[in-house]
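This report concerns only the one structure given below.
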């Protein structure tokens, strides 16, 4: 029992050695790699960074004939670059999610056989709070080789949402046979003002989401979506999505400037994030007696 407890808190390299199989493998490791990141599910963890510590061990299959050739080995950079990629991809709430993604990133290298990832928060309590996972290449589910789906992004301002020929415009856009995501503005009504910038960002984004629900109420084909997972599913299943921006914007590691929210600039940022095939602007034609005018590029 004492040995089991000691091993539970030992460095991942000892865990790897204790659970090694019959196949002979080398191990490379990264110890006490500390980064300052914004992560966490609690509101107090938003808007500020905290230290997290990475300890990673990768078991690698022995190459045939090393010959002091750097190209035949799995580099230490494989570990640090995997961490960099996953930290920069998006803001995460859970260490478990980050550990899973780092492990999968490392195991994408065919030389990596098994990986141990331990991540700890150093500033959330009197000690280190963390998680450790083990992932094996053979246990990973194969990722289907699918083409990247690129949507058509359409911006509708507050007046366009209420036009009488909205359904006809959606018919026209849907006929292009491209995944369709609608983005909306804040609306004509002034939004409440807050003293703190973080609170104001939330209020501004929620004002957009209110308009998203107004649009969804006008045409039953429109479905309000908030996450990347939902958007990916909807694009692959020919659903007309209306973007609710709060989660994706606030979770972005390189998000848009929200100091003075610009609806169209936010839409352009979103289109870039999703590698949109096109970005259109639907505006009111004042001479068309309540009809939406020509669709044009933003």
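The values are calculated or read from the model by the stated rules, or taken from the named source; none is laboratory data. All values reported here derive from a predicted model rather than from experimental measurement. As a convention, Cβ positions derive from the backbone with ideal geometry for all residues, glycine included, and neighbour counts pool all protein chains shown.
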Top-ranked residue of the range 232-244 - restricted to ones that are crowded, with 16+ Cβ neighbours inside 10 Å and free of Cβ contacts under 8 Å to residues at least 60 places away in the same chain, ranked as nearest to residue 174 (Cα to Cα): 239
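For the structure I just gave you, tell me whether residue 216 is touching a strand residue (DSSP E or B) at 6+ places or on another chain (Cβ under 7 Å) and either assigned to a loop (DSSP other than H, G, I, E, B) or farther than 30 Å from residue 84 by Cα (or both).
Details: touching a strand residue (DSSP E or B) at 6+ places or on another chain (Cβ under 7 Å): yes; either assigned to a loop (DSSP other than H, G, I, E, B) or farther than 30 Å from residue 84 by Cα (or both): yes.
Yes: the conditions hold for residue 216.
Given the residues 256, 179, which is the only one that is surrounded by 16 or more Cβ atoms within 10 Å (Cβ to Cβ) and free of Cβ contacts under 8 Å to residues at least 24 places away in the same chain? Working first, answer last.
Working: 179 fails: free of Cβ contacts under 8 Å to residues at least 24 places away in the same chain.
Just a single option satisfies the conditions, and that option is 256.
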Number of the condition not met by residue 250 [criteria: (1) crowded, with 19+ Cβ neighbours inside 10 Å; (2) closer than 17 Å to residue 268 by Cα; (3) out of contact with any helix residue (DSSP H, G or I) (no Cβ under 7 Å at 6 or more places or on another chain)]: (1)
Residue within the range 119-128 that is more than 20 Å from residue 227 (Cα to Cα), in contact with a helix residue (DSSP H, G or I) (Cβ under 7 Å, 6 or more places away or on another chain) and not in a strand (DSSP E or B) present: no
Some residue of the range 257-264 being at pLDDT 90 or above and in contact with a strand residue (DSSP E or B) (Cβ under 8 Å, 6 or more places away or on another chain): no
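For the range 87-118, name all the residues that are in a loop (DSSP other than H, G, I, E, B) and either within 15 Å of the chain's Cα centre (by Cα) or more than 19 Å from residue 30 (Cβ to Cβ) (or both). Spell out how you get there, then give the answer.
Here is the first cut: in the range 87-118, the residues in a loop (DSSP other than H, G, I, E, B) are 90-94, 108-111.
Answer for the range 87-118, where residues must be in a loop (DSSP other than H, G, I, E, B) and either within 15 Å of the chain's Cα centre (by Cα) or more than 19 Å from residue 30 (Cβ to Cβ) (or both): 90, 91, 92, 93, 94, 110.
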Complete set of residues in the range 136-193 that are at pLDDT 85 or above, part of a loop (DSSP other than H, G, I, E, B) and more than 30 Å from residue 204 (Cβ to Cβ): 175
